[in-house]
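Heads up, the thing below is written out as structure tokens.
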Amino acid sequence: MSSTPSNANYQFTNTWFESIKPIWDKLIPQIKPAKILEIGVYEGASSCYLISTLAHQNKIELHCIDSWEGGIEHKLGGFVEADMSSVEQRFSHNIKIAAAQVSGNLDLHIHKGYSDFHLAKLLANGAGNSFDFIYIDGSHQAPDVLCDAVLSFRLLKKGGFIIFDDYLWSEDLPGGVDPIRCPKLAIDAFTNIYCRKIKVISAWLYQLYVQKIED
Ligand SMILES: C[S@@+](CC[C@H](N)C(=O)[O-])C[C@H]1O[C@@H](n2cnc3c(N)ncnc32)[C@H](O)[C@@H]1O
């Protein structure tokens with residue numbers, strides 16, 4: 001089990017966030033989001049990064065959505081990649097460490113369950129047009145990603161940013177790539193249909209960075 005360099009007590013079992021960090025190091029301090037939503041948090045690597053990067057100086061409100069059931073792509077293959085209850089425990093452990101370092105500057109909301117339900121609930125509770133930054137890294141199935149994108153757009157304020165992770169991700173299936181089981185088709189559909197309301201930011205292409213310019 002590895003730990004991030006900044007705190008030896010963190011418990012992370014993968015290095016997914018390490019390749020993203022250099023780009024976020026440039027972007028996040030520029031946009032300084034105060035109200036943040038993450039879809040798919042796993043062990044909290046990106047959540048802990050956002051807390052430790054932003055909440056030392058400013059108060060942030062962070063909403064984390066996760067079913068802690070893993071992706072459907074793992075279940076369809078007949079196995080679950082990780083013991084997800086241990087993943088959830090490591091998320092709680094890691095978030096506690098990050099939160100303790102920023103004392104009263106973190107307003108944390110954990111929404112356990114499926115993203116379609118929780119995104120719709122946030123909208124129904126009046127959170128439309130209120131988020132500065134939304135990170136979409138939940139289900140990788142195109143229909144789910146499309147639903148996450150459309151509901152996130154409604155939750156995002158004008159000028160706010162959505163980052164899609166795994167834009168170019170695909171599974172190594174016996175019959176080749178199935179585009180319906182990848183995020184790209186959904187992200188392309190979203191960026192095409194919303195082209196008058198968003199600006200695609202030029203950045204590292206494994207993720208796709210989008211700014212909302214119109215409601
Ligand atoms: C790739 S991991 C997220 C990684 C995390 N962003 C990080 O930087 O470490 C994807 C997560 O999305 C969650 N997930 C998958 N489908 C979901 C859905 N429909 N609703 C909510 N969470 C989902 C999984 O349980 C898993 O924890």
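The values are calculated or read from the model by the stated rules, or taken from the named source; none is laboratory data. All of these numbers come straight from a predicted model, not from anything done at the bench. Neighbour counts are summed over all protein chains in view; Cβ atoms, including those assigned to glycine, are modelled from backbone coordinates with ideal geometry.
The residues on offer are Tyr206, Tyr194, and the sole one that is among the hydroxyl-bearing types (Ser, Thr, Tyr) and within 21 Å of Trp16 (Cα to Cα) is Tyr206.
For region 113-152, a residue qualifies if it is within 21 Å of Val177 (Cα to Cα), crowded, with 18+ Cβ neighbours inside 10 Å and not hydrophobic (A, V, I, L, M, F, W, C), and the qualifying residues are Asp137, Gly138, Ser139, His140, Gln141, Asp144. For region 3-23, taking the residues that are out of contact with any helix residue (DSSP H, G or I) (no Cβ under 9 Å at 6 or more places or on another chain) and assigned to a loop (DSSP other than H, G, I, E, B), the one that is nearest to the ligand (Cβ to nearest atom) is identified as Ser3.
Residue pairs whose Cβ atoms lie under 8 Å apart, separated by 6 or more positions or on different chains, with the first residue in region 143-167 and free of Cβ contacts under 8 Å to residues at least 40 places away in the same chain and the second more than 11 Å from the ligand (Cβ to nearest atom) and aliphatic (A, V, I, L, M), are Leu151/Ala120; Leu151/Leu123; Arg154/Leu123. Of the helices (runs of 4 or more DSSP H) lying entirely inside region 84-182, those carrying at least 3 residues that are of a type in the set (A, V, I, L, M, F, W, C) and within 27 Å of Ser52 (Cα to Cα) are 84-100, 142-155. It is to be established whether one or more residues within region 48-62 are surrounded by fewer than 23 Cβ atoms within 10 Å (Cβ to Cβ) and either on the phi > 0 side of the Ramachandran plot or near the ligand (Cβ under 9 Å from one of its atoms) (or both). Checking region 48-62: at least one residue is surrounded by fewer than 23 Cβ atoms within 10 Å (Cβ to Cβ) and either on the phi > 0 side of the Ramachandran plot or near the ligand (Cβ under 9 Å from one of its atoms) (or both). Comparison of Val145, Val200, Val177 shows that the only residue that is modelled with pLDDT under 95 and aliphatic (A, V, I, L, M) is Val177.
Here region 24-47 is the region considered, the condition is being touching a Ser or Thr at 6+ places or on another chain (Cβ under 9 Å) and assigned to a helix (DSSP H, G or I), and the residue that is nearest to the ligand (Cβ to nearest atom) is Ala45. Residues of region 138-155 that are touching a Phe, Trp or Tyr at 6+ places or on another chain (Cβ under 8 Å) and within 11 Å of the ligand (Cβ to nearest atom): His140, Val145.
Looking only at region 156-185, residues that are in contact with a Phe, Trp or Tyr (Cβ under 9 Å, 6 or more places away or on another chain) and either of a type in the set (Phe, Trp, Tyr) or within 15 Å of the ligand (Cβ to nearest atom) (or both) come to 11 in all.
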